[in-house]
Every structure is written in structure tokens, then in C-alpha cells.
Amino acid sequence: MLTGLLSTVSPEIAYSGANTGEQVELDQSNLKHPVSGQPIQIKIRVFPVPSRQKPVHLHIFVDNRLVLMLTLTRPLTMASLPPLSTGRHSVVFIEANPLTHRPMEGNSRMTGMQDMDMGMTGSGKDMGMMDDNLSSIPARYRLKTLTLVVEPR
């Protein structure tokens, strides 16, 4: 499943969420070695395949900080991570509700926009947004975790 990740991923920590219905597959075949200061392109495939009726909203964390939010509606999506400094970096993918941004798992997984719990009260200011710090989110919500080794220029 993780073929094409080459030496940028430590295979002992790259996995898909065992307790979830979603599977995330990453393909970096177009990138042999990430270089410091350059954006990092990652091809993302999610199974079952997302659609406009059943989208998948991903939050991507690098080194425990939220760096990117994507709503996937196609079989394949290209994501561009920001340039990273030289060294090892942890990248974590979490599925979230696109309106509340709360992590999703198990039976609460997205079944389409019409079935989402809006999680809002009153004027909508209590949406319960997901924290942008990964340390506050339990590990069971992680769909995929990998390590990128970024080389100097």
C-alpha cells in the first residue's frame, strides 16, 4: 500500500487507522528525496472513494501543528505541504467533520453532507473546532502517520 514512498517514510510508523472505515494511501513516486525549502507534493487516495455526496475532509499535521485542510471529492488529490527544514518531520492525517472540524472515527465517519451533525448552538459560535495542536487529539483518530526525512539543498 505504501509503495513509492521510498526512503522518505519510516515504514515502522506508517500505517492506516485500524479502527476506521477509511483507508489513506499516499504516493510520492514523483519525489525521491524532499529538499529543504521546497514544497512537498503528495498524492492522496482515500478508500472508499470520496464524492461530492460523500466527501472526506482531512486535516494534515506536520510536527504536531495543523498545516493543511483538504476536502476530498475525487479518487485522487494532490496536496502540497509547506517547505520544511532539514531533518525528520512527522506527518499525520486525521479525518474531520468539515463544518465542526472535530475528528471522526468508527460509526461517526462521514456519510454525506446531509447526514452531518452540525455541532452548532445559538448563533453558531460554539462549533467546537478541532485544536490545531495534534497533542490534544487522541491517537485513535489518526488515519495515517509517516515520517519525512528532508535533505539539505
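The values are calculated or read from the model by the stated rules, or taken from the named source; none is laboratory data. If you're wondering where the values come from, they're calculated on a predicted model, not measured in any experiment. We place every Cβ from the backbone using ideal geometry, glycine too, and count neighbours over all the protein chains shown. The protein model used for the area step is the full one, side chains on, heavy atoms only, and it has no ligands, DNA or RNA in it. Shrake-Rupley method; radii C 1.70, N 1.55, O 1.52, S 1.80 Å.
Residue count for region 52-81 under the criterion of being within 13 Å of LEU148 (Cβ to Cβ), open to solvent by 50 Å² or more (accessible area, probe 1.4 Å) and either in contact with a Leu (Cβ under 8 Å, 6 or more places away or on another chain) or part of a strand (DSSP E or B) (or both): the result is 1.
Considering only residues that are open to solvent by less than 10 Å² (accessible area, probe 1.4 Å) and either under 12 Å from the mean Cα position of the chain (by Cα) or at positive phi (or both), which ones fall in region 130-153? LEU134, LEU143, LYS144, LEU146 - these are the residues of region 130-153 that are open to solvent by less than 10 Å² (accessible area, probe 1.4 Å) and either under 12 Å from the mean Cα position of the chain (by Cα) or at positive phi (or both).
Taking the conditions (1) open to solvent by 10 Å² or more (accessible area, probe 1.4 Å); (2) outside any loop (DSSP other than H, G, I, E, B); (3) hydrophobic (A, V, I, L, M, F, W, C) in turn, VAL49 satisfies each one other than (2). Based on what the data block shows, is LEU2 at pLDDT below 90 and in a loop (DSSP other than H, G, I, E, B)? Spelling it out, LEU2 is indeed at pLDDT below 90 and in a loop (DSSP other than H, G, I, E, B).
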